[in-house]
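Below is one structure, written out as structure tokens; the observations come after it.
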Amino acid sequence: MNKTTDELLWYTKEAPDFNSALPVGNGRMGAMIYGGASKDVMKLNEDSVYSGGKRNRINPRAFEGLQEIRRLLEKEEIEEAEKIAFRKMQGVTPNSRHYMPLGTLTMYHGFTGKAREYKRSLNLQDAVARVEFHDDSGVNYLREVFVSYPAQLMVISIKADIAGTIDFSASLDGRDDYYDDNRPVEDNLILYTGGTGSRDGIFFAAGMMLLAKNGSVETIGNALQVHNADEALILISMETSFYHGDNYIQKALDRLHQTADGIQGISVLAEQLKAEHIEDYQKLYQRVKFTLEDNSEGGSKLPTDQRIARLKGNADDDKECHKLIHDNQLGALYFNYGRYLMISASRPDSQPMNLQGIWNEDMWPAWGCRFTININTQMNYWPAETCNLSECHLPLFDLIERMRPNGREVAQQMYHAKGFCCHHNTDIWGDCAPQDLWMPATIWPMGAAWLCLHIFEHYQFTQDKAFLAEHFDALCEAAEFFTDYLFENHRGQLVTGPSVSPENTYLTEQGTKGCLCIAPSMDTEIITVLFQDVIKASEILDSRKDFAEQLAGMLDKLPPISVGKYGQIMEWAEDYNEVEIGHRHISQLFALHPADLISPQKTPELARAARATMVRRLIHGGGHTGWSRAWILNMWARLHDADMAYENLRKLLAHSTNPNLLDMHPPFQIDGNFGGTAGIAEVLLQSHSGEIHLLPALPKSWQNGSISGLKARGGFEISMEWKNGKLTHAELISHHGQPCALRTAGVVSVHRKDDTSVSAELRDGVICFATQPDTVYYIKA
């Protein structure tokens with residue numbers, strides 16, 4: 001397997017903590033590999049292990065509170081409105097269920113002396129984590145760890161180049177007292193079971209089987225031990241009652257026996273499992289290939305943690321502190337890592353990715369490690385379509401469908417409204433009631449609406465009408481909520497409220513601080529896109545035309561995007577100041593990204609105001625969390641500012657990235673990885689606003705490079721190469737025969753495979769031409 005500097009994470013030391021460990025996964029199951037030579041620790045997760053069963057948290061006084069709060073907010077009596085919100089609208093218990101670890105695998109290895117020439121790595125080409133070293137007697141050891149999607153097993157292979165030198169013990173634990181049994185059930189199999197609380201809680205079973213070539217295998221308490229073996233293989237199954245009901249324990253055992261029974265030898269089994277795993281993984285990973293020239297002056301040859309540290313520069317060295325250090329290959333590695341993480345954490349029939357993807361070591365993780373849907377869960381899926389991983393997007397739509405019944409109850413009981421809604425968090429059960437007791441975020445009924453925008457986004461890229469028809473009711477039901485929830489303000493506009501601009505606080509002219517408000521800008525922007533999506537979907541499916549007409553009429557009464565006193569896009573309906581000017585959320589720029597309500601070509605004045613908003617945020621300390629910096633990268637790309645996009649990518653890598661390349665808020669959150677991956681794609685290819693734009697924000701340091709396999713809206717697949725900062729040629733595959741509008745710098749020609757030219761029309765700098773399904777078109781500069 002070729003190991004390049006843009007597809008390999010590697011280190012010369014064991015991981016000291018979770019933020020240095022390496023993640024492996026298959027969507028449903030995950031592990032963080034510490035890679036210790038003598039003591040190896042692996043933190044295990046299964047994506048349905050949550051803290052208990054479904055809760056009913058709807059406050060029965062919510063509608064009463066809603067009416068009172070609206071009256072108070074209209075009179076700008078903020079403090080009293082927020083007091084009533086806490087009493088009458090928040091959940092009767094503040095928290096939905098939270099995500100929990102399954103346990104910890106600990107292995108103690110025996111070898112002679114110390115580990116020499118130690119190396120641990122994660123190869124993105126085959127999704128295998130490795131530990132390699134030799135001991136003082138000259139024995140070379142190799143451990144390989146992966147989680148197989150075809151087998152639905154975690155696999156640990158231990159090899160040595162001298163027979164009879166493998167000795168270790170392995171045990172499962174790590175949930176304090178929160179498990180039931182942890183004991184041998186066969187001579188080479190430990191069964192670890194437990195539950196996660198409440199009468200309707202989720203119960204889990206993990207089976208660990210040890211196979212060895214020669215030597216001896218035995219159980220000692222809850223540990224498996226092997227002595228003097230030539231080779232060993234550990235198989236781990238993880239199953240829960242969420243997926244299998246009362247059959248979860250038998251399912252865990254069956255997974256192991258179906259794989260191991262009747263094998264011809266563990267070497268054959270190990271290679272077979274690895275080959276199946278790699279074949280499955282590479283079908284997804286190899287769709288996209290990204291190359292950049294190495295400009296690191298040797299830095300790309302360093303271990304990954306040192307490459308990250310190197311980007312920070314050395315402020316103590318006068319000669320170096322003003323030198324901008326580059327490492328294009330690290331940016332490419334980060335992009336490839338984002339695709340690896342998505343394949344490893346979100347596959348069909350798994351849960352969608354939460355705040356930490358699937359990798360969590362804490363029984364009480366930060367923010368419950370739930371689905372935070374006022375940007376974080378959505379950001380997790382920003383690269384899914386562009387990076388040609390549409391099937392990895394599917395778990396999010398399963399969650400939306402699971403949310404709908406609960407969201408209907410919330411809409412009806414809290415707001416006396418039709419449709420369904422959700423606030424800023426949900427859990428595995430699809431809980432839609434207000435989460436937490438935190439005024440900047442809790443009362444915000446826009447979460448389901450934003451999630452549902454991903455339905456039409458998936459359709460735009462895939463052109464899958466069957467999918468759109470399957471989820472059209474969810475899209476409509478999210479919009480239907482607003483036909484009752486919106487009300488007219490004194491200007492005759494249809495507005496939301498009470499609501500918030502996520503997690504931010506404003507300051508009135510009278511000096512009052514507030515969070516609850518009427519008509520924050522992001523609300524209106526989300527509703528605008530939602531209504532537009534329903535209208536377009538209605539036309540495509542020839543369904544619910546009357547409802548689409550109703551929404552079209554309401555669109556005209558929504559407040560417009562407005563520019564404030566600083567030349568910025570206004571965050572609230574009134575031109576309030578922010579209490580924290582450099583706030584991590586820039587919610588009013590939802591219109592710029594991920595939406596397309598603002599663009600340099602179609603709304604230049606609003607684009608200038610968006611730029612002013614970004615500058616004001618950044619000069620006051622904005623972008624201080626990883627995910628926020630990643631969002632900023634995407635927004636600069638949308639404004640076609642290559643220099644600022646590159647600067648924010650560098651800062652994301654240098655200051656918001658852990659040694660294992662995972663994003664830090666801090667603490668670790670995975671959303672920034674996916675936001676950063678999406679941002680890299682966004683500087684190379686954009687396809688919003690009805691046109692495909694090639695190299696819209698190419699950084700100067702990326703003078704020469706290529707990318708293949710990116711997807712564009714309309715069902716197009718794009719590959720391209722550039723030299724000296726200019727496009728040389730591109731290949732466009734039209735999968736569905738949609739018309740193409742192509743924007744690129746300079747003059748280009750369009751040809752078919754046989755080199756015949758394609759009839760095209762130039763409209764306002766955009767090349768427009770018809771395409772045929774499953775046809776390749778060549779674009780030449």
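The values are calculated or read from the model by the stated rules, or taken from the named source; none is laboratory data. Since we're looking at a predicted model, the values are computed, not measured. In this analysis, Cβ positions are derived from the backbone assuming ideal geometry, glycine residues included, and neighbour counts consider all displayed protein chains. For accessibility, only protein heavy atoms count, side chains too; no ligands or nucleic acids. Shrake-Rupley method; radii C 1.70, N 1.55, O 1.52, S 1.80 Å.
Brief remarks follow.
- Screening the candidates Glu271, Glu361, Glu279, Glu297 for the property of being closer than 30 Å to Lys711 by Cα, acidic (Asp, Glu) and open to solvent by 50 Å² or more (accessible area, probe 1.4 Å) yields one hit, Glu279.
- Residues satisfying the stated conditions in the range 563-607, i.e. surrounded by fewer than 18 Cβ atoms within 10 Å (Cβ to Cβ), more than 27 Å from the chain's Cα centre (by Cα), part of a loop (DSSP other than H, G, I, E, B) and not basic (Lys, Arg): Tyr566, Gly567, Glu574, Asp575, Val579, Gln601
- Of the residues in the range 230-241, none is in contact (Cβ under 8 Å) with a residue 60 or more places away in the chain, touching a Ser or Thr at 6+ places or on another chain (Cβ under 7 Å), open to solvent by 30 Å² or more (accessible area, probe 1.4 Å) and hydroxyl-bearing (Ser, Thr, Tyr).
- Cross-chain or 6+ apart pairs with Cβ under 6 Å, the range 503-516 first and more than 26 Å from Ile375 (Cα to Cα), then among the β-branched types (Val, Ile, Thr) and surrounded by 16 or more Cβ atoms within 10 Å (Cβ to Cβ): Thr512/Ile78
- Residues of the range 125-137 that are under 31 Å from the mean Cα position of the chain (by Cα), in a strand (DSSP E or B) and in contact (Cβ under 8 Å) with a residue 24 or more places away in the chain: Val128, Ala129, Val131.
- All positions within the range 197-230 that are of a type in the set (Asp, Glu) and in contact with a strand residue (DSSP E or B) (Cβ under 9 Å, 6 or more places away or on another chain): Glu218, Asp230
- Scope the range 135-149; condition touching a helix residue (DSSP H, G or I) at 6+ places or on another chain (Cβ under 6 Å) and of a type outside the set (Phe, Trp, Tyr); matching residues: Ser148
- Taken together, the criteria place Ile162 among residues that are assigned to a loop (DSSP other than H, G, I, E, B), of a type in the set (A, V, I, L, M, F, W, C) and either surrounded by 22 or more Cβ atoms within 10 Å (Cβ to Cβ) or out of contact with any Leu (no Cβ under 7 Å at 6 or more places or on another chain) (or both).
- Of all residues in the range 147-196, those being farther than 29 Å from Gly52 by Cα and touching a residue at least 40 places away in the same chain (Cβ under 8 Å) number 12.
- Count of the range 608-631 residues which are open to solvent by 10 Å² or more (accessible area, probe 1.4 Å) and assigned to a helix (DSSP H, G or I): 8
- Residue check, Gln460 surrounded by fewer than 24 Cβ atoms within 10 Å (Cβ to Cβ), free of Cβ contacts under 8 Å to residues at least 24 places away in the same chain and either hydroxyl-bearing (Ser, Thr, Tyr) or closer than 18 Å to Ala479 by Cβ (or both): no
- Qualifying residue in the range 546-555 (condition: of a type in the set (S, T, N, Q), modelled with pLDDT of 95 or more, touching a strand residue (DSSP E or B) at 6+ places or on another chain (Cβ under 8 Å) and open to solvent by 20 Å² or more (accessible area, probe 1.4 Å)): no
- Residue tally, condition open to solvent by 70 Å² or more (accessible area, probe 1.4 Å) and among the acidic types (Asp, Glu), over the range 165-184: 4
- Criterion (touching a Leu at 6+ places or on another chain (Cβ under 9 Å), at pLDDT below 95 and charged (D, E, K, R)) met by exactly one of Asp181, Asp200, Asp176: Asp181
- All of (1) aliphatic (A, V, I, L, M); (2) open to solvent by 10 Å² or more (accessible area, probe 1.4 Å); (3) within 21 Å of Ala519 (Cα to Cα) hold for Ala469 with one exception: (3).
- Counting only helices (runs of 4 or more DSSP H) that sit wholly inside the range 209-290, those with at least 2 residues that are within 21 Å of Leu44 (Cβ to Cβ) and in contact with a helix residue (DSSP H, G or I) (Cβ under 6 Å, 6 or more places away or on another chain) are 241-244, 248-260.
- For the range 6-64, a tally of residues being open to solvent by less than 10 Å² (accessible area, probe 1.4 Å), out of contact with any Ser or Thr (no Cβ under 8 Å at 6 or more places or on another chain) and of a type in the set (Phe, Trp, Tyr) returns 0.
- Selection count where residues are closer than 17 Å to Met32 by Cα and outside any strand (DSSP E or B), scope the range 138-151: 1
- Unmet criterion (only one of (1) touching a Lys or Arg at 6+ places or on another chain (Cβ under 7 Å); (2) among the basic types (Lys, Arg); (3) in contact (Cβ under 8 Å) with a residue 60 or more places away in the chain) for Lys54: (1)
- Among helices (runs of 4 or more DSSP H) entirely within the range 362-479, having at least 1 residues that are at positive phi singles out no element at all.
- Qualifying residue in the range 659-675 (condition: open to solvent by 10 Å² or more (accessible area, probe 1.4 Å), part of a helix (DSSP H, G or I) and either in contact (Cβ under 8 Å) with a residue 24 or more places away in the chain or closer than 27 Å to Lys726 by Cα (or both)): no
- Applying the criterion of at least 1 residues that are at pLDDT 95 or above and over 17 Å from Ile236 (Cα atoms) to the strands (runs of 3 or more DSSP E) found wholly in the range 11-124 leaves 22-25, 39-46, 103-110, 116-123.
- Filtering the range 614-648 to residues that are in contact with a Pro (Cβ under 8 Å, 6 or more places away or on another chain) and aliphatic (A, V, I, L, M) leaves Ala637, Leu639, Ala642, Ala645.
- Scanning the range 511-526 for residues that are assigned to a helix (DSSP H, G or I) and open to solvent by 10 Å² or more (accessible area, probe 1.4 Å) returns Ser521, Thr524.
- Beta carbons closer than 6 Å, at least 6 apart along the sequence or on distinct chains, pair a first residue in the range 353-377 that is small (Gly, Ala, Ser) with a second that is not in a loop (DSSP other than H, G, I, E, B) for Gly357/Ala345.
- For the criterion of being touching a residue at least 24 places away in the same chain (Cβ under 8 Å), closer than 24 Å to His416 by Cβ and not basic (Lys, Arg), Leu468 fails.
- Among (1) open to solvent by less than 10 Å² (accessible area, probe 1.4 Å); (2) in a helix (DSSP H, G or I) - the single one Gln351 does not satisfy: (2)
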